Amino acid sequence: MEVRDMDPDVFKAMLHFMYTDTLPPEIMEEEGKKKEGVEMAQGLLAAAHRYKLERLKLMCEAMLLKRVDVDTVASSLVVAELHGCRVLKAACEEFIARPGNVKAVMKTEGFQKIKASCPYVLVEFAFKQLA
């Protein structure tokens, strides 16, 4: 059986969780590898959602909540929206809404990806800010 639409490293991390009930070492923040850890956590959260591994999903969401910053917030917002993570979504929206953060976030690669792939997330966020 071939698993499609999943990075092999994410699949390996998911199997690690299934056999050990722990997050794999790759997802833990290492000096200089924060971006890779966030990307792994986002991919693992998506896999957990897909395969209904709720504990793994909650663990990934908790990890991403600790790593919300200008560089990660846009991609984490999309992941939260796509996979029903209300707490993460609210934290991302709150972070973006802080004074000065909107302009900084708009300059990131993640924001450009949102504009291209999930513009409705931006529209929803804008309407919330206007309300």
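The values are calculated or read from the model by the stated rules, or taken from the named source; none is laboratory data. Note that the structure is a prediction, hence the values are computed from the model and not measured. Methodologically, a virtual Cβ is constructed for each residue, glycine included, from the backbone with ideal geometry; neighbour enumeration extends over all protein chains shown.
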Open item on the list: Looking at K57 and the list (1) within 18 Å of K34 (Cα to Cα); (2) touching a Cys at 6+ places or on another chain (Cβ under 9 Å), which single condition is not satisfied?
Closed with: (1)
Open item on the list: Cβ-Cβ under 6 Å, sequence separation 6+ or interchain: first residue in the stretch 99-128 and under 11 Å from V78 (Cβ atoms) and at pLDDT 85 or above, partner assigned to a helix (DSSP H, G or I) and among the aliphatic types (A, V, I, L, M). Which pairs?
Closed with: G110/A74; F111/A74; F111/V105
Open item on the list: Checking K66 against (1) within 15 Å of the chain's Cα centre (by Cα); (2) buried (at least 19 other Cβ atoms within 10 Å of the Cβ), only one condition comes out false. Which one?
Closed with: (2)
Open item on the list: Among the residues of the stretch 4-14, are any farther than 29 Å from P119 by Cβ, in contact (Cβ under 8 Å) with a residue 24 or more places away in the chain and buried (at least 18 other Cβ atoms within 10 Å of the Cβ)?
Closed with: yes
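Among the listed residues V87, V38, identify the single one that is of a type in the set (V, I, T) and either over 23 Å from L15 (Cα atoms) or more than 12 Å from the chain's Cα centre (by Cα) (or both).
Only one candidate passes the filter, namely V87.
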Task: Residue list for the stretch 51-68, filter: without any contact (Cβ under 8 Å) to a residue 12 or more places away in the chain and over 15 Å from M28 (Cβ atoms) - done: K52, E54, L58
